[in-house]
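Student: The structure under discussion is supplied below as structure tokens; questions concerning it will follow.
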Amino acid sequence: TGADAGAMQVNSVTFSPMALSKRTSTSWFCHYAQMPTLLAKAHHMLGIPLDRMEEPQIVRYRTGEEFTWHYDQVPQQQLENGGQRLATLLVYLNGVERGGGTIFRDLKTNTSTSSSSSGGGSGSEEEEQLTVKPRLGSALMFFPAFRDGRPDDRTLHKGEVALDEKWITQIWIHERRYEPVVPPGNSHEAAHDAVHQEEQRLGYSN
């Protein structure tokens, strides 16, 4: 269980523009040192120090659970620890055949449709909300704010109802050094050696 592994079950801090927003999933916040592979890959991909990263978390959605529309950006009055969240990195830990997608309300994708008649065929494009389906081992990264810290309101998103159980892990990346809050005793420094060893194993460093 999360408690046995030293993780702590805590409500994730996200922000909703809607009073009726709800989250029915379960989150465990982990020690940095417990997640060296995730941190090594994030560090290599983004080129940012570990101390910009919030506590890694593991999230479980049971069948029928969801997370309605919300932002990952931090409100102005809560920026003292690390500043704004500039990036969300989310990794799907299992595939979900039914439901469980991450949907962006204001980001659209074009889909082609075709019709045919006796005189031939014609095609058209329709806009749909951008939806990322969970696939084992795949990652989703998006940016709740611009590099200068201004929130990007286009990133309003939700975790749709999971018709099969869904597991993810994620971290948020801040503008500047972030001081971990949970679990007790968590620190970036305690993970440095494990992350460096993992970077070597993955071929990222000598």
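Here, each number is a calculation from the coordinates, and none is a lab measurement. Values in this document were obtained by computation on a predicted structure and should not be read as measured data. When we count neighbours, we look across all protein chains shown, and the Cβ atoms used for this are built from the backbone with ideal geometry, even at glycine.
Student: Kindly state, to the nearest 0.05, the FRET efficiency for PHE143 paired with ARG62, given R0 = 30 Å and r defined as their beta-carbon distance. List each step's numbers first, then the result.
Tutor: Details: r = 29 Å, r/R0 = 0.97.
It comes out at approximately 0.55.
Student: I've got another one for you. For the pair ARG150 and ARG98, how long in nm is the line joining their label points, each one 7 Å along Cα→Cβ?
Tutor: My value for the distance between the label points is 4.4 nm.
Student: Kindly rank 54-63, 176-185 from highest to lowest mean number of other beta carbons found within 10 Å of each residue.
Tutor: 54-63, 176-185
Student: Check GLN9: other-chain or 5+ apart residues with amide H under 5 Å from its amide H, H built from backbone geometry?
Tutor: Answer set, sorted by chain and number: PHE29.
Student: Work out how much length LEU202 to SER187 would gain on full extension: take 0.36 nm times their residue separation and subtract the Cα-Cα distance, in nm to one decimal.
Tutor: Contour length minus the Cα-Cα distance gives 3.1 nm.
Student: Quick one: Karplus J couplings for region 136-142, per residue in order, coefficients 6.51, -1.76, 1.60, θ = phi - 60°, nearest Hz, x for Gly and Pro?
Tutor: So the J values, rounded to whole Hz, are 3, x, 7, 10, 10, 10, 9.
Student: Calculate one ³J(HN,Hα) per residue across region 29-40 by plugging θ = phi - 60° into the Karplus curve 6.51 cos²θ - 1.76 cosθ + 1.60, and present them in order as whole Hz with x for glycine and proline.
Tutor: Result, rounded to whole Hz: 8, 10, 5, 4, 5, 7, 10, x, 5, 4, 5, 4.
Student: Which FRET efficiency value, to the nearest 0.05, is calculated for LEU136 and THR26 with the Förster distance at 25 angstrom and r the Cβ-Cβ distance?
Tutor: For LEU136 and THR26, the calculated efficiency is 0.80.
Student: Quick one: dipole size for region 8-201, taken about the Cα centre, charges +1 on Lys/Arg Cβ and -1 on Asp/Glu Cβ, in debye to the nearest 20.
Tutor: Working: 20 positive and 25 negative charges, 36 e Å.
In debye, rounded to 20, region 8-201 gives about 180.
Student: Then there is this: Convert each backbone phi in region 182-189 into a coupling constant with the Karplus relation 6.51 cos²θ - 1.76 cosθ + 1.60 (shift: θ = phi - 60°), then list the ³J(HN,Hα) values in order as whole Hz, x for Gly and Pro.
Tutor: 9, x, x, x, 5, 7, 5, 4
Student: Tell me, in nm to one decimal, what length is gained between GLN9 and ARG105 on full extension, where the rule is 0.36 nm per residue of separation less the Cα-Cα distance?
Tutor: Between GLN9 and ARG105, full extension yields an extra 31.7 nm.
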